[in-house]
């Protein structure tokens with residue numbers, strides 16, 4: 001039995017579109033809601049944030065490096081390492097998939113602006129829905145990772161164009 005897979009531009013576009021939507025679902029479930037499979041943990045977190053607000057402690061950090069600095073000092077602790085790593089790793093796909101899925105978002109500034117808007121929405125939803133903290137340090141780490149994802153996209157695009165130009169040079173016979 002033989003399978004012939006025809007790879008077309010349309011198939012690639014459908015795949016990237018599905019990856020983009022799967023990534024947005026990931027952001028919703030694991031970054032905004034922070035669902036880990038246990039609904040009781042989610043309910044407890046909401047209750048704790050609500051209780052803290054009733055005491056006057058709002059889940060907001062608007063001072064740059066207030067939460068990152070202690071984490072860096074204690075990077076060997078599991079919580080600090082997971083927090084920093086999670087904030088960086090979870091947004092690399094944003095900077096990579098956006099220009100891959102949408103051709104009009106292939107410039108650094110367009111991807112940066114839209115990434116910033118998406119990150120602000122995520123942080124705001126965490127705050128408004130009592131699901132987490134609005135933290136400027138998270139925004140900085142998330143933006144750094146979106147930019148890293150975009151740079152990785154540009155690097156792969158450059159490699160593709162170099163390979164394509166070398167292929168064309170070999171195939172075209174001199175006249």
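Remarks
- Rounded to the nearest 10 degrees, the inclination of helix 136-171 to the longest alpha-carbon principal axis of the chain is 10 degrees.
- Take each peptide in 145-158, 83-96, count the other Cβ atoms within 10 Å of every residue, and average; sorted highest first, the result is 83-96, 145-158.
- Matching the structure-derived Cα Rg over 2.2 N^0.38 Å against the labelled list [x] 2.01; [y] 1.34; [z] 1.46 gives the label [y].
- With Cα atoms, 0 to 90° folded angle of helix 78-89 axis to the chain main axis: 40
- The chain: calculated mean residue ellipticity at 222 nm from DSSP helix runs of at least 4, using -39500 (n - 2.57): -23000 deg cm²/dmol
- Once the Cα atoms are used to define both axes, helix 39-54 deviates from the longest principal axis of the chain by about 50 degrees.
- Between segment 103-146 and segment 1-74, the Cα center-to-center distance that results, in Å: 11
The numbers here are math on the coordinates, done by the rules we state, and not lab data. Just so we're clear, the structure is a prediction, and the values are computed from it rather than from any experiment. Ideal geometry is used to build each Cβ from the backbone, glycine not excepted, and the neighbour counts take in all protein chains shown.
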